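J.: Below is a structure I'd like to ask you about.
The values are calculated or read from the model by the stated rules, or taken from the named source; none is laboratory data. Since we're looking at a predicted model, the values are computed, not measured. Positions of Cβ are backbone-derived with ideal geometry, glycine not excepted, and every protein chain shown enters the neighbour counts. Surface accessibility is based on the protein's heavy atoms, side chains included, excluding ligands, DNA and RNA. Shrake-Rupley method; radii C 1.70, N 1.55, O 1.52, S 1.80 Å.
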Amino acid sequence: NDPLHVGNTKWYHNVVGSEAAWDISQGSSSIKVAVVDNAVFCGHSDLTTFAQYDVADGDNDATPPSEVWADFGWSHGTHCAGLATADINNGIGITSIGGNVELIGVKATQSSSGSGAVEESYAGVQWACQNGANVVSMSYGGPNYSGSMQALINSYPDVVFLAAAGNDASTSLMY
């Protein structure tokens with residue numbers, strides 16, 4: 001009954017066939033999905049937040065800085081959180097892939113640096129893993145391999161890690 005779960009606005013469900021999986025499960029609140037990004041508006045009415053943290057600024061508020069409306073890029077983490085964890089059948093907004101999972105929002109960008117970078121990604125992933133994440137979603141990437149990030153990921157074998165495949169129509173290897 002979510003008003004934006006219609007037509008082209010549910011394209012992401014069509015791509016992965018998630019609606020067919022709903023006959024098996026619509027997700028569980030025991031699953032915690034961490035979205036490590038530039039910022040996440042965890043107080044959004046369509047998100048159920050389990051925990052949030054701003055590793056870049058060192059506080060418990062993953063919300064974008066106040067100039068979010070001047071730099072629309074700050075909405076990226078919230079957008080990703082909605083696709084992964086928005087509540088379903090609540091009559092609000094979109095329907096997520098995760099259904100009834102709960103969000104761990106992690107802001108990994110300094111408020112003063114602008115929305116385009118995720119400078120504190122290692123610390124963000126580490127905090128998420130240490131604070132109950134079953135899944136860590138990282139919708140960013142770059143051309144450089146990081147042995148320390150790989151070691152961090154390897155140290156949490158029970159956590160599922162998802163990363164961006166790239167949005168630039170490039171076949172270059174990204175990490």
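J.: Just to be sure before I move on: is residue 67 in a loop (DSSP other than H, G, I, E, B) and among the acidic types (Asp, Glu) in the structure I sent?
T.: No: the conditions fail for residue 67.
J.: Sticking with this one: Write out, first by first residue and then by second, each pair whose Cβ atoms fall under 8 Å of each other, whose residues are 6+ apart or on separate chains, and whose first residue, in the range 23-35, is on the phi > 0 side of the Ramachandran plot and free of Cβ contacts under 8 Å to residues at least 40 places away in the same chain while the second is surrounded by fewer than 18 Cβ atoms within 10 Å (Cβ to Cβ) and polar (S, T, N, Q).
T.: Within 8 Å, no pair qualifies.
J.: Do we have any residue at all in the range 83-93 that's farther than 27 Å from residue 25 by Cα and either crowded, with 21+ Cβ neighbours inside 10 Å or in contact with a Lys or Arg (Cβ under 6 Å, 6 or more places away or on another chain) (or both)?
T.: Quick first cut of the range 83-93, residues farther than 27 Å from residue 25 by Cα only: none.
Checked against the condition, which is being farther than 27 Å from residue 25 by Cα and either crowded, with 21+ Cβ neighbours inside 10 Å or in contact with a Lys or Arg (Cβ under 6 Å, 6 or more places away or on another chain) (or both), the range 83-93 yields no hits at all.
J.: Sort out which residues of the range 1-35 are closer than 30 Å to residue 122 by Cα and open to solvent by 50 Å² or more (accessible area, probe 1.4 Å), and write them in order of number.
T.: Answer for the range 1-35, where residues must be closer than 30 Å to residue 122 by Cα and open to solvent by 50 Å² or more (accessible area, probe 1.4 Å): 15, 16, 29, 30, 31.
J.: Among the strands (runs of 3 or more DSSP E) contained in the range 99-168, which hold 1 or more residues that are surrounded by fewer than 20 Cβ atoms within 10 Å (Cβ to Cβ)? Break it down into steps so the answer makes sense when it comes.
T.: Details: elements: 102-107, 135-138, 160-163.
Where strands (runs of 3 or more DSSP E) fall fully within the range 99-168 and carry at least 1 residues being surrounded by fewer than 20 Cβ atoms within 10 Å (Cβ to Cβ), they are 135-138, 160-163.
J.: Looking at 101, 106, 118, 125, which one is in contact (Cβ under 8 Å) with a residue 40 or more places away in the chain, within 18 Å of residue 29 (Cβ to Cβ) and touching a strand residue (DSSP E or B) at 6+ places or on another chain (Cβ under 7 Å)? Spell out how you get there, then give the answer.
T.: Working: 106 fails: within 18 Å of residue 29 (Cβ to Cβ); 118 fails: within 18 Å of residue 29 (Cβ to Cβ); 125 fails: within 18 Å of residue 29 (Cβ to Cβ).
Within the list 101, 106, 118, 125, the selection yields 101.
J.: Among the candidates 43, 77, 73, which residue alone is on the phi < 0 side of the Ramachandran plot, assigned to a helix (DSSP H, G or I) and surrounded by fewer than 24 Cβ atoms within 10 Å (Cβ to Cβ)?
T.: Numbers: 43 fails: assigned to a helix (DSSP H, G or I); 77 fails: surrounded by fewer than 24 Cβ atoms within 10 Å (Cβ to Cβ).
Step by step, each of 43, 77, 73 is checked, and only 73 is on the phi < 0 side of the Ramachandran plot, assigned to a helix (DSSP H, G or I) and surrounded by fewer than 24 Cβ atoms within 10 Å (Cβ to Cβ).
J.: Which count do you get for residues in the range 6-30 that are of a type outside the set (Gly, Ala, Ser) and within 13 Å of residue 96 (Cβ to Cβ)? Walk me through it before giving the result.
T.: Going through the range 6-30, the residues of a type outside the set (Gly, Ala, Ser) turn out to be 6, 8-16, 19, 22-24, 26.
Of the ones still in play, those that are also within 13 Å of residue 96 (Cβ to Cβ) are 9-10, 12-13, 16, 19, 22, 26.
Adding up the residues that qualify gives 8.
J.: Under 8 Å between Cβ atoms, at least 6 apart or on separate chains: pull out the pairs that start in the range 139-165 with a residue that is of a type in the set (S, T, N, Q) and end on any residue that is assigned to a loop (DSSP other than H, G, I, E, B).
T.: 139/164; 144/175; 146/175
J.: Right, here's the next one. Of the conditions (1) modelled with pLDDT under 90; (2) in contact with a Leu (Cβ under 6 Å, 6 or more places away or on another chain), residue 85 clears all except one; give me its number.
T.: (1)
J.: So, one more: (1) more than 11 Å from residue 105 (Cβ to Cβ); (2) not in a loop (DSSP other than H, G, I, E, B): which one isn't true of residue 35, the others all being true?
T.: Result: residue 35 passes all but (1).
J.: Do we find that residue 56 is within 23 Å of residue 174 (Cβ to Cβ), touching a Leu at 6+ places or on another chain (Cβ under 7 Å), open to solvent by less than 50 Å² (accessible area, probe 1.4 Å) and not polar (S, T, N, Q) in this structure?
T.: The answer is no for residue 56.
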